Amino acid sequence: MSNKPLVVYNTLTKNKEVFVPLQKDKVSMYVCGPTTYNYIHLGNARPIVVFDTIRRYLLYLGYEVTYIQNFTDVDDKIIKRAHEEQDDPLHLAARYIDEFFQDTEALGVLRATAYPKVSDNIAEIITLVQKLIDNGYAYVLDGDVYFEVRKFDEYGRLSGRSLDDMQAGARVEVDERKKDPMDFALWKSAKPNEPSWQSPWGEGRPGWHIECSAMSLKYLGEQFDIHGGGQDLIFPHHENEIAQSQCATQKTMANYWLHNGFITINNEKMSKSLGNFFLLRDILAKFDPQTVRFYLLSVHYRSPLDFDDEKLQVAHKSLERLHNAYDAVKKSLKNAGTCADEAAQSLKQDVQKAQEAFEEAMNDDFNTALAIAVLFDLTKSINI
């Protein structure tokens, strides 16, 4: 085992830090899941594979991991898509949740400890919104409830921007009734043909950000170890989560914030809104799921990853080399009696060195690219 401690890059502090969980030998993780209005694309798959790998490595280190990944099944995009398909929004969301499991299981992703859905946690969301009103951080406007951002002194710490800079560059809902343009919705009053629930402020539905605050609080408590997600969630989603949760509990929400980089196409972020996305299942129809997983881990999780078929072909050939070396080891073990003792001892030493180097790479902020390079060095020894 490597003697070096596990260090992670914390988006909140902009530094690498030694990882120390709240409870000895236990890790609590919350990772933002998809908004379920379509099949997942490759950009969605990256955080799923990245944080599954991080979870697996924590398990390898001996931690007991509680891993929560939510489904956003109440959202403007779902409602819009349901209207287009003449479907009920919750029914449409449930259908794409089923498809999500089909795709992620193909990639070998471990099932989360729990998959909370927004629609199953409305009572918890309403309770949290009411607490923010009671604590003086939120206000009611004609059935809508807004969070008052300027009352939270640390707002902007995660994204590293001032409120005024964010206001200038952000897309915010235009509502002249709000105290400040940056104030965001915790609860939205009901509109025709939209899912809604009864609340102290009238019929309505949750805002996007409050959902994750309520679900992480329910499943992991007021404080937990790791909050993960894509880089695009830093602002406004995670910034707003921190504000809501800490103003409700007066405690630090998560100690470590981890964010994966984008998948790009011609150096432009892959996204549904830009129309430059590739559905994961279309890629899986052309490439083996393990090849796709290997490709997603071939660079450091915080770095951008550019997509094209040629890179997946390279990943396929690289993975094939590792499989061939693995098969060679299994074959030689069967014929162990005919192997030269000196060669066997030499390979054993190489394996031990590789394990130490692999752990050292992974302990440095889960550097899968360097860890994979260690494996390729080991294949040379195996082949010899």
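The values are calculated or read from the model by the stated rules, or taken from the named source; none is laboratory data. All values reported here derive from a predicted model rather than from experimental measurement. Glycine gets a Cβ as well: all are built from the backbone with ideal geometry, and neighbour counts include every protein chain shown. Protein only, heavy atoms only, side chains kept; ligands, DNA and RNA dropped before computing areas. Shrake-Rupley method; radii C 1.70, N 1.55, O 1.52, S 1.80 Å.
Anything in the stretch 303-321 that is among the polar types (S, T, N, Q) and open to solvent by 80 Å² or more (accessible area, probe 1.4 Å)? List them, or say none.
Of everything in the stretch 303-321, just one residue is among the polar types (S, T, N, Q) and open to solvent by 80 Å² or more (accessible area, probe 1.4 Å), namely Q313.
Taking the condition buried (at least 18 other Cβ atoms within 10 Å of the Cβ), in contact with a strand residue (DSSP E or B) (Cβ under 9 Å, 6 or more places away or on another chain) and basic (K, R), does K77 pass?
Against the criterion (buried (at least 18 other Cβ atoms within 10 Å of the Cβ), in contact with a strand residue (DSSP E or B) (Cβ under 9 Å, 6 or more places away or on another chain) and basic (K, R)), K77 does not qualify.
Of the residues R56, R46, only one is basic (K, R), open to solvent by less than 60 Å² (accessible area, probe 1.4 Å) and at pLDDT 95 or above; which?
R46
Filter the stretch 85-120 down to the residues that are without any contact (Cβ under 8 Å) to a residue 12 or more places away in the chain, outside any loop (DSSP other than H, G, I, E, B) and among the acidic types (D, E), then identify the one that is nearest to G228 (Cα to Cα).
E105
Scanning for something acidic (D, E), part of a loop (DSSP other than H, G, I, E, B) and under 28 Å from the mean Cα position of the chain (by Cα), does the stretch 196-208 turn up at least one residue?
No, the stretch 196-208 contains no residue that is acidic (D, E), part of a loop (DSSP other than H, G, I, E, B) and under 28 Å from the mean Cα position of the chain (by Cα).
Select the strands (runs of 3 or more DSSP E) contained entirely in the stretch 1-60, then report the ones holding at least 1 residues which are without any contact (Cβ under 8 Å) to a residue 12 or more places away in the chain.
Where strands (runs of 3 or more DSSP E) fall fully within the stretch 1-60 and carry at least 1 residues being without any contact (Cβ under 8 Å) to a residue 12 or more places away in the chain, they are 15-18.
Scan the stretch 44-100 residue by residue and report those that are among the aromatic types (F, W, Y) and farther than 21 Å from S216 by Cα.
Y57, Y60, Y96 - these are the residues of the stretch 44-100 that are among the aromatic types (F, W, Y) and farther than 21 Å from S216 by Cα.
Considering I234, I226, which residue is of a type outside the set (D, E), buried (at least 21 other Cβ atoms within 10 Å of the Cβ) and touching a residue at least 40 places away in the same chain (Cβ under 8 Å)?
I226
Restricting attention to the stretch 1-35, and to residues there that are of a type in the set (S, T, N, Q) and at pLDDT below 95, which single residue is surrounded by the fewest Cβ atoms within 10 Å (Cβ to Cβ)?
Keep residues of the stretch 1-35 that are of a type in the set (S, T, N, Q), which gives 2-3, 10-11, 13, 15, 23, 28, 35.
Subset that is at pLDDT below 95: 2-3.
On the way: S2: 16, N3: 8.
The residue in question is N3.
Mind counting the residues in the stretch 195-219 that are modelled with pLDDT of 95 or more and open to solvent by 50 Å² or more (accessible area, probe 1.4 Å)?
Adding up the residues that qualify gives 7.
If we keep just the residues of the stretch 331-357 that are open to solvent by less than 60 Å² (accessible area, probe 1.4 Å) and modelled with pLDDT of 90 or more, which is farthest from V50 (Cα to Cα)?
Checking each candidate, the answer is D350.
Quick one: count up the residues across the stretch 371-384 that are within 21 Å of I226 (Cβ to Cβ) and open to solvent by 40 Å² or more (accessible area, probe 1.4 Å).
0
Given R157, R161, which one is at pLDDT below 95 and under 25 Å from the mean Cα position of the chain (by Cα)? Steps first, please.
Values: R157 fails: at pLDDT below 95.
Step by step, each of R157, R161 is checked, and only R161 is at pLDDT below 95 and under 25 Å from the mean Cα position of the chain (by Cα).
Would you confirm whether any residue within the stretch 263-285 is within 30 Å of N383 (Cα to Cα), exposed (fewer than 15 other Cβ atoms within 10 Å of the Cβ) and not aliphatic (A, V, I, L, M)? Explain how you work it out, then say what you get.
Step one: filter the stretch 263-285 for residues within 30 Å of N383 (Cα to Cα), giving none.
No - not one qualifying residue is present in the stretch 263-285.
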